[in-house]
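Trainee: Take this structure first; my questions come after.
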Amino acid sequence: MTYSLSDFDFVLPEALIAQLPLPQRSASRLLHVGTDTLSDQSFADVLEHLTAGDLLVFNDTRVLKARFFGVKESGGKVEVLVERVLANTDEQRAVLAQVRASKSPPAGTKIRLADQFDVIVGERAGEFYTLNFPSDVFELIEAHGRLPLPPYITHDADDFDEQRYQTVYSRVPGAVAAPTAGLHFDEALLERCRAKGINFAYVTLHVGAGTFQPVRTENLADHNMHSEWYTISEESVAAVRATKASGKAVVAVGTTSMRALESASQSGQLQAGSADTRLFITPGYVFKTVDRLITNFHLPKSSLLMLVSAFAGYDRIRAAYRHAIKQQYRFFSYGDAMLLSNASSSAFSSTDNSPEHKE
């Protein structure tokens, strides 16, 4: 079947968009999407579906305080959202950024950010600008930037957001959005996973602002997928291969981990290394590495909704979303989660594509 953009639209009551995280990370809800069942659980119950030897693959990116307000020499106000750090050496300290201003700033324009330091506008790259920083990029961002919450969250980031909009295992700065499936894991749950014999591996994919942009072309083949940078170590590749060899499951924690793993598997086998990826996964895609996926609920008409539909099956995802809305699950970054299995694997050998809820 050929799918179009309108096939991935749905009506979501605004009240179901989670504006705040729960007090406890692992207290969120989990919708387990089985072969022909939908089961309402607590996120901590994810352990019931994992066995010793399974591999959880986490994205260890850390969200930058990438949002700045500034002013041009002319006095015009500017808002900057850093998309990616391009270079941070003595020779060059530059970022790629979105710049919102009344007039597009030409190359050479000086902008004072956060009333603290000046950046110089360099070359333009499509919708982005190159901004040259005066000193260590990461230090300036951490000291003077603001955490960039998603556009559907209506409050400005506060101290609580700065803690909770990071995973507890984040360590490589570079993202402008959190890998939100990982937000449900706290240290206690991670320790319970270790005690059960579940193994961990890490990839890094720096999530870009494009993750929030809806697909706008009715013909999905016409969509220009945003680019994101990832890296996968030899150690993580070895862990995945050992898991596969033992017949256990590779479980991606989040669509970003999924995207990194599948991007690095395009040759047919997972390879270590670093690269930019524009991989656009839609129904019909054959998954090469990931067996199961932990993920939040995604926006209508988004590339991530298309990805999970490709993974678990279009009809199953539609049924799961209808159920989640009826049962008032919390949606998007601070919301609840789902546990999915690859529809083409033995875990989903049934031909039934319309799961019904069972207690």
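The values are calculated or read from the model by the stated rules, or taken from the named source; none is laboratory data. Owing to the predicted nature of the structure, the values given are computational and were not obtained by experimental measurement. Virtual Cβ from ideal backbone geometry, glycine too; neighbours counted across all protein chains shown.
Trainee: Does Ile153 meet the test of being in a loop (DSSP other than H, G, I, E, B) and surrounded by fewer than 21 Cβ atoms within 10 Å (Cβ to Cβ)?
Mentor: Against the criterion (in a loop (DSSP other than H, G, I, E, B) and surrounded by fewer than 21 Cβ atoms within 10 Å (Cβ to Cβ)), Ile153 qualifies.
Trainee: Here are Ala252, Ala238, Ala275: which of them is more than 16 Å from the chain's Cα centre (by Cα), within 28 Å of Arg84 (Cβ to Cβ) and modelled with pLDDT of 95 or more?
Mentor: Numbers: Ala252 fails: more than 16 Å from the chain's Cα centre (by Cα); Ala238 fails: within 28 Å of Arg84 (Cβ to Cβ).
Within the list Ala252, Ala238, Ala275, the selection yields Ala275.
Trainee: Let me ask you something else. Tally up the residues in the stretch 147-173 that are within 30 Å of Ala201 (Cα to Cα) and touching a helix residue (DSSP H, G or I) at 6+ places or on another chain (Cβ under 9 Å), please.
Mentor: 12
Trainee: Name the residues in the stretch 58-69 that are closer than 17 Å to Asp156 by Cα and not in a loop (DSSP other than H, G, I, E, B), would you?
Mentor: Scanning the stretch 58-69 gives Val63, Arg67, Phe68, Phe69.
Trainee: Only one of Asp9, Asp54 is among the charged types (D, E, K, R) and either surrounded by fewer than 16 Cβ atoms within 10 Å (Cβ to Cβ) or outside the structural domain of Gly254 (by TED's automatic domain parsing) (or both); which? Before the answer, list the steps.
Mentor: Values: Asp54 fails: either surrounded by fewer than 16 Cβ atoms within 10 Å (Cβ to Cβ) or outside the structural domain of Gly254 (by TED's automatic domain parsing) (or both).
Going through Asp9, Asp54 in turn, just one is among the charged types (D, E, K, R) and either surrounded by fewer than 16 Cβ atoms within 10 Å (Cβ to Cβ) or outside the structural domain of Gly254 (by TED's automatic domain parsing) (or both): Asp9.
Trainee: Which one of these is of a type outside the set (Phe, Trp, Tyr) and assigned to a helix (DSSP H, G or I): Val82, Val46?
Mentor: Of Val82, Val46, the one residue that is of a type outside the set (Phe, Trp, Tyr) and assigned to a helix (DSSP H, G or I) is Val46.
Trainee: Next question, about the same structure. Taking Ala245 as the residue in question, decide whether it is crowded, with 22+ Cβ neighbours inside 10 Å, of a type in the set (Gly, Ala, Ser) and either in the same structural domain as Lys301 (by TED's automatic domain parsing) or at pLDDT 95 or above (or both).
Mentor: Spelling it out, it is not the case that Ala245 is crowded, with 22+ Cβ neighbours inside 10 Å, of a type in the set (Gly, Ala, Ser) and either in the same structural domain as Lys301 (by TED's automatic domain parsing) or at pLDDT 95 or above (or both).
Trainee: Right, here's the next one. So, of the residues in the stretch 88-107 that are among the hydrophobic types (A, V, I, L, M, F, W, C) and touching a residue at least 40 places away in the same chain (Cβ under 8 Å), which turns out to be farthest from Leu64 (Cα to Cα)? Reasoning before the result, please.
Mentor: Step one: list which residues in the stretch 88-107 are among the hydrophobic types (A, V, I, L, M, F, W, C), which gives 94-97, 99, 101, 107.
Now drop any that are not touching a residue at least 40 places away in the same chain (Cβ under 8 Å), which leaves 94-95.
On the way: Ala94: 15, Val95: 12 Å.
Among those that are among the hydrophobic types (A, V, I, L, M, F, W, C) and touching a residue at least 40 places away in the same chain (Cβ under 8 Å), it is Ala94.
Trainee: Could you check the stretch 41-82 and list, in sequence order, the residues that are touching a His at 6+ places or on another chain (Cβ under 9 Å) and among the acidic types (Asp, Glu)?
Mentor: Asp45, Glu48
Trainee: Need the failing condition index for Ala107 against (1) out of contact with any helix residue (DSSP H, G or I) (no Cβ under 9 Å at 6 or more places or on another chain); (2) surrounded by fewer than 16 Cβ atoms within 10 Å (Cβ to Cβ); (3) at pLDDT below 95; (4) not acidic (Asp, Glu), just the number.
Mentor: The failed condition is (3).
Trainee: While we're looking at this one, here's another question. Run down Ile294, Ile325 and say which single residue is at pLDDT 95 or above, among the aliphatic types (A, V, I, L, M) and more than 18 Å from the chain's Cα centre (by Cα).
Mentor: After applying the criteria, what remains is Ile325.
Trainee: Quick check: is even one residue across the stretch 22-35 over 22 Å from Gln163 (Cα atoms) and surrounded by fewer than 19 Cβ atoms within 10 Å (Cβ to Cβ)?
Mentor: For the stretch 22-35, residues over 22 Å from Gln163 (Cα atoms) and surrounded by fewer than 19 Cβ atoms within 10 Å (Cβ to Cβ): present.
Trainee: Any residue in the stretch 209-220 that is modelled with pLDDT of 95 or more, in the same structural domain as Ala178 (by TED's automatic domain parsing), surrounded by fewer than 22 Cβ atoms within 10 Å (Cβ to Cβ) and over 30 Å from Ile153 (Cβ atoms)?
Mentor: yes
Trainee: How about the stretch 197-224: which of its residues are out of contact with any helix residue (DSSP H, G or I) (no Cβ under 6 Å at 6 or more places or on another chain), in a loop (DSSP other than H, G, I, E, B) and at negative phi?
Mentor: The answer is Ile198, Gly208, Gln213, Pro214, Arg216, Thr217, Asn219, His223, Asn224.
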